[in-house]
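First comes the structure, then the notes that go with it.
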């Protein structure tokens, strides 16, 4: 099967020896939404920048829609659309002018271009604002215009770099709807996000990346089912040492993957409901007060913890960049 | 062909954005007008100095202020590039199949267009204030060309600096530091043979001198076109050097991404 995006062993080091990509490999099936999930600084944006020809990797290969990004960057640029993390909208031009110029750059002219621009303005609910300067747009409108700019020339592959960062919940929900529609049009979408929920909801497949490498890849369901059992999240009354809590709980056969950060205690059990009473009894007996308990089916957050060896939040706080 | 069509679209974009900023236009017009009126009055009498050789100071000054204005428009041009980088517009263009030559070239073409409009306004004002140009239409055209030939290389250098440092403060610093002294180290305000020796020597290596002398010579009733050609030649070489440097700066910017 021919992949829409095929990446092998990408390495990219920035001056100052920050290794942004460290042997990243992934493959995206055509016509699907693929989620690149990871905390800030994991290498998501760098991956996109290599694939959209903005940056060059030190080594490795990347092929987009059958074209090698290093050997034929010009050809790649014709086939892709990009929605950058930071808006690329020209604030000193109207919505329509922004779209028209983008189309002109891609060789579109006259009636064809006008029709396409009208169509996109309509589709993204920008028709009534088309004649206004883009600098007067709200954040959500600007983001929509960014997506429209990426689509003017009907690209085969669309890169969406953190499309919903900074959007209010309503605009985010609208953006999710738009992204789902794109895949239905047959466009391959590579989406980066640091929202676990977003990757879970939108992507056919997800790659979890950490420190410039893919640490897990599969459908959200596959990744979650790799994890046996339920996640147990306990909030302790007081912060505790990881080792001491571990000593107490390791004696219990039904409990595994114990981790403590401050007052938060995470563990895993085949049957959460039956394990909880035993866990609580052991903790109380050892003098650890419990404030709250939650038993949950595995989430991508748990998958991340399992593969990256730290929670998503920890990685966000400690992440490079 | 693709370069030309892209150049047209991108230049159109720059000029359209400019026309939408009436305050900015007002300032770019008012500033040189102030120079022309103020310096014209202030130094009126210097033409009476023996050896100045000019019909009137306003006739001498008008091409000088036009060239100075072109120099400043060019020198500040890199600010726009930094704004485009900061806004993410630059990167958006770089991931599109836009012609790279047109992308940077469109800044210089708009700069040239603005420079010509400013020059024409100043020529009109100079005439109102009593300036007389004996060189006819050809002389006026050469004056416009001299301005463009100075604005373009300084625009290229300013953009090169903007691409490398990416901080507005640095471009502001460099422009403030260089531009005004360059006009004083040239015969913009003062006849060359009345300058102290070391300044006169310095003027020879100053592109502002080449530009203003080419313009003034062409505005003479019996212009010495070989003298004009030498100075234009110097400007063209300078422009080629600036273009080469700007191209390298652009590559460095792309590598840094």
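Key figures
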{"quantity": "Degrees, to the nearest 10: A:95-105 long Cα axis against longest axis of chain A", "calculated": "70 degrees"}
{"quantity": "Ranking of A:232, B:25 by count of other Cβ atoms within 10 Å, fewest first", "calculated": "B:25, A:232"}
{"quantity": "Alpha-carbon centroids, the stretch A:14-89 and the stretch A:172-195: separation in whole Å", "calculated": "17 Å"}
{"quantity": "Gyration tensor (alpha-carbon) shape descriptor, the protein assembly as shown, a/c threshold 1.5", "calculated": "prolate"}
{"quantity": "Exposure proxy order (Cβ contacts within 10 Å, fewest to most) of A:245, B:237", "calculated": "B:237, A:245"}
{"quantity": "Between the stretch B:101-120 and the stretch A:237-303, the alpha-carbon center distance in angstrom", "calculated": "68 Å"}
{"quantity": "Tensor-based shape of the stretch A:70-199 (alpha-carbon gyration tensor, a/c under 1.5 rounded, otherwise prolate or oblate)", "calculated": "oblate"}
{"quantity": "Degrees, to the nearest 10: B:2-19 long Cα axis against longest axis of chain B", "calculated": "70 degrees"}
{"quantity": "Structure-based [θ]222 nm, chain A - -39500 (n - 2.57) summed over DSSP H runs of at least 4, per residue, nearest 500", "calculated": "-11000 deg cm²/dmol"}
{"quantity": "Fewest-first ranking of A:141, B:204, B:23, using other Cβ atoms within 10 Å as the exposure measure", "calculated": "B:23, B:204, A:141"}
{"quantity": "Share antiparallel - DSSP beta bridges, the protein assembly as shown, percent rounded to 5", "calculated": "70 percent"}
{"quantity": "Pairwise label distance in nanometres, residue A:27 with residue B:16, each label 7 Å out on the Cα-Cβ vector", "calculated": "4.4 nm"}
{"quantity": "Cα long-axis angle, helix A:139-151 against chain A (0 to 90 degrees, to the nearest 10)", "calculated": "60 degrees"}
{"quantity": "When the stretch B:2-256 is reduced to its Cα atoms, the Kirkwood hydrodynamic radius in Å", "calculated": "18.9 Å"}
{"quantity": "Förster-model FRET efficiency, 56 Å R0, residue B:55 and residue A:135, C-beta, rounded to 0.05", "calculated": "0.65"}
{"quantity": "Convex hull per residue volume in Å³, alpha carbons only, for the stretch A:205-321", "calculated": "101 Å³"}
{"quantity": "For chain B, calculated [θ]222 nm from helices alone, where every DSSP H run of n ≥ 4 adds -39500 (n - 2.57)", "calculated": "-26500 deg cm²/dmol"}
{"quantity": "Residue A:114 versus residue B:127: modelled label distance in nm, points set 7 Å from Cα along the beta carbon direction", "calculated": "4.0 nm"}
{"quantity": "Range of Cα positions in chain A per principal axis (Å), largest first", "calculated": "78, 43, 39"}
{"quantity": "Among A:241, A:29, A:100, residue whose mean-square fluctuation peaks in a GNM of chain A (springs only between Cα atoms under 10 Å)", "calculated": "A:241"}
{"quantity": "Max mean-square fluctuation residue, GNM over chain A, Cα-Cα springs under 10 Å, options A:280, A:305, A:223", "calculated": "A:280"}
{"quantity": "Near-label residues of the stretch A:89-122 by backbone N, under 15 Å of a point 7 Å along Cα→Cβ of residue B:8", "calculated": "A:101, A:104-111"}
{"quantity": "The stretch A:126-140 versus the stretch B:147-167: alpha-carbon centroid distance in Å", "calculated": "32 Å"}
{"quantity": "Residue-averaged beta-carbon neighbours from other chains (10 angstrom radius) around A:80-89", "calculated": "4"}
{"quantity": "Residue-span extension gain [residue A:17 to residue A:250] - 0.36 nm each, minus C-alpha spacing", "calculated": "79.9 nm"}
{"quantity": "Diffusion coefficient, µm² s⁻¹, Stokes-Einstein with Kirkwood Rh over alpha-carbon pairs of the stretch B:150-257 at 37 °C and 0.692 mPa s", "calculated": "214 µm²/s"}
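Any read-out appearing in this document is the output of simple, stated calculations on the displayed coordinates, not a laboratory observation. No experiment lies behind these values; they were computed from the predicted model shown. Cβ sites come from the backbone with ideal geometry, for glycine too, and all protein chains shown count toward neighbours.
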